[in-house]
Amino acid sequence: MMDKSGTIIIIEDDEDDRFVLEEVFNELGYPNKRIYFLDGLSALEYLYTTPERPFIIISDINLPQLNGLELRKKVQTDAELSLRCIPYVFFTTALDQQAVIDAYSTSAQGFFVKPGAFDEIKETIRTMIEYWRKCAAPNNF
């Protein structure tokens, strides 16, 4: 069951982007705990070991060790992790057609381009979170 109050996993290796995202989440006032990872590998280790049911994974594409696309493939093809049906969205500056095609080929549930302005980032995150708060998923039942 998707826990809408569950942890928000954010995989972002840029310190400035992490700071801005945390400011955005604080201003939006979502009660969800947030856990930040600097690379895909540490996020994957967390997903394998946590008993929690995260609400959503927000991932950059360009990451050290295991990039966002590789991480998404691992989550998607791992029997145990795929059963948890955690929404997986990309939030990245890497906008080219191939990146979008690659993201959706891994069954990502969204691809959002990081805007430059704080208010635009805030609106994008609000849209992302509100969509998944309202969305029925297989594990809601």
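The values are calculated or read from the model by the stated rules, or taken from the named source; none is laboratory data. All figures in this text were calculated on a predicted structure; none of them were measured in a lab. Cβ placement follows ideal geometry from the backbone for every residue including glycine, while neighbour counts extend to all protein chains displayed. Side chains included, ligands, DNA and RNA excluded: accessible areas come from the protein's heavy atoms. Shrake-Rupley method; radii C 1.70, N 1.55, O 1.52, S 1.80 Å.
What to note about this one:
- Residue match in segment 67-82 (condition: within 21 Å of residue 24 (Cα to Cα) and surrounded by fewer than 19 Cβ atoms within 10 Å (Cβ to Cβ)): no
- Given (1) open to solvent by less than 20 Å² (accessible area, probe 1.4 Å); (2) of a type outside the set (Gly, Ala, Ser); (3) touching a Lys or Arg at 6+ places or on another chain (Cβ under 6 Å), index of the condition residue 4 fails: (1)
- Scan of segment 52-65 for residues that are closer than 18 Å to residue 39 by Cβ, surrounded by 19 or more Cβ atoms within 10 Å (Cβ to Cβ) and out of contact with any Asp or Glu (no Cβ under 6 Å at 6 or more places or on another chain), ordered by number: 54, 57, 58, 59, 61
- In segment 116-134, the residues that are closer than 15 Å to residue 19 by Cα and either touching a helix residue (DSSP H, G or I) at 6+ places or on another chain (Cβ under 7 Å) or in a helix (DSSP H, G or I) (or both): 118, 119, 121, 122, 125
- Apart from one condition, residue 89 fits all of (1) open to solvent by 90 Å² or more (accessible area, probe 1.4 Å); (2) among the aliphatic types (A, V, I, L, M); (3) assigned to a strand (DSSP E or B); the exception is (1).
- Of all residues making up segment 24-41, the number that are open to solvent by 70 Å² or more (accessible area, probe 1.4 Å) and either touching a residue at least 24 places away in the same chain (Cβ under 8 Å) or over 21 Å from residue 115 (Cβ atoms) (or both): 4
- Residues that are open to solvent by less than 50 Å² (accessible area, probe 1.4 Å), more than 17 Å from residue 70 (Cβ to Cβ) and without any contact (Cβ under 8 Å) to a residue 40 or more places away in the chain within segment 93-125 comprise 110, 115, 117, 124, listed in sequence order.
- Among the residues of segment 126-141, those identified as surrounded by 14 or more Cβ atoms within 10 Å (Cβ to Cβ) and either closer than 15 Å to residue 25 by Cα or at pLDDT 90 or above (or both) are 126, 128, 129, 131, 132, 133.
- Of all residues assigned to segment 21-34, at least one qualifies as being at negative phi, modelled with pLDDT under 95 and hydroxyl-bearing (Ser, Thr, Tyr).
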